[in-house]
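Below is one structure; the comments refer to it alone.
The values are calculated or read from the model by the stated rules, or taken from the named source; none is laboratory data. It should be emphasised that the depicted structure is a prediction, and the values quoted were computed from it without experimental measurement. Here Cβ is always computed from backbone atoms with ideal geometry, including for glycine, and neighbour counts include all displayed protein chains. Quick note on the areas: whole protein, heavy atoms, side chains included, nothing else; ligands and nucleic acids left out. Shrake-Rupley method; radii C 1.70, N 1.55, O 1.52, S 1.80 Å.
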Amino acid sequence: MSVLPLVFTSGWASGINAYAVVLLLGAFGATGLTDEVPASLQRTDVLVVAGVLFLCEAVADKIPYVDSVWDSVHTVIRPIAGAVVAALLAGESGSLPQLAAAAVGGSTALMSHLVKAGTRMAVNSSPEPFSNVVVSIAEDLGVAGIVTFAIFHPVVAAAIAGTLLVLGIVVVAFLASRIRRYLRRRAQRREEKRLAGAGSHWPAE
């Protein structure tokens with residue numbers, strides 16, 4: 001499959017920011033920069049919705065703890081988006097290559113999403129907002145740069161995406177203690193809220 005490198009790259013990028021991937025690919029197709037993008041991704045309504053959701057993610061992704069809640073919600077959305085984009089790029093509805101592309105795109109998106117979510121948990125173990133903003137901007141620029149590069153040099157871009165995915169897994173493993181610290185804090189906050197809620201229902205003496 002000649003489109004497989006682009007499928008892999010779009011899957012990796014979808015796990016980080018699926019809306020940016022749809023927006024970029026649709027814009028590249030609509031402007032005639034590539035013939036690889038199907039017409040369904042170039043539709044005006046698709047681009048408008050992707051643009052609005054991208055702006056929502058751009059804000060939520062830079063706020064401590066809100067970014068992790070956003071990631072939790074997108075644990076299902078990003079892999080599905082990666083699979084759908086990959087299937088559309090492969091074409092030939094219902095064909096074996098399309099199903100294989102969907103599997104590659106969806107599984108790659110899931111792995112990169114887990115790397116992103118784990119990294120954000122580690123960042124949120126230190127609640128100052130500056131690191132969240134820096135990491136978010138780096139992710140957005142990385143997705144934009146690699147997806148754009150993949151349009152013109154798909155094989156090289158796929159190699160870069162694969163390298164970043166492996167490095168991300170290594171980083172998450174290295175940050176495991178910080179991730180556990182974040183999860184403990186979140187569990188503690190939930191317990192405190194539960195106890196506070198239970199206390200508010202106790203009868204006054």
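Hey, can you tell me all the residues within region 128-148 that are more than 21 Å from V170 (Cβ to Cβ), among the acidic types (D, E) and open to solvent by less than 40 Å² (accessible area, probe 1.4 Å)?
D140
Which residues, taken from region 74-108, are touching a Phe, Trp or Tyr at 6+ places or on another chain (Cβ under 7 Å) and open to solvent by less than 10 Å² (accessible area, probe 1.4 Å)?
Within region 74-108, just T108 meets the criteria.
For region 149-159, what are the residues that are touching a helix residue (DSSP H, G or I) at 6+ places or on another chain (Cβ under 7 Å) and open to solvent by less than 70 Å² (accessible area, probe 1.4 Å)?
Result: A150, I151, P154, A157, A158.
Looking at region 120-127, is at least one residue of a type in the set (S, T, N, Q), open to solvent by less than 40 Å² (accessible area, probe 1.4 Å), modelled with pLDDT under 90 and more than 28 Å from R43 (Cβ to Cβ)?
The answer is yes; a qualifying residue exists.
Select, from D61, D71, the only residue that is without any contact (Cβ under 8 Å) to a residue 60 or more places away in the chain, of a type outside the set (A, V, I, L, M), over 21 Å from F152 (Cα atoms) and crowded, with 18+ Cβ neighbours inside 10 Å.
None of the other options fit; the residue is D71.
With respect to R43, is the statement that it is surrounded by fewer than 17 Cβ atoms within 10 Å (Cβ to Cβ) and of a type in the set (K, R) true?
So R43 passes the test.
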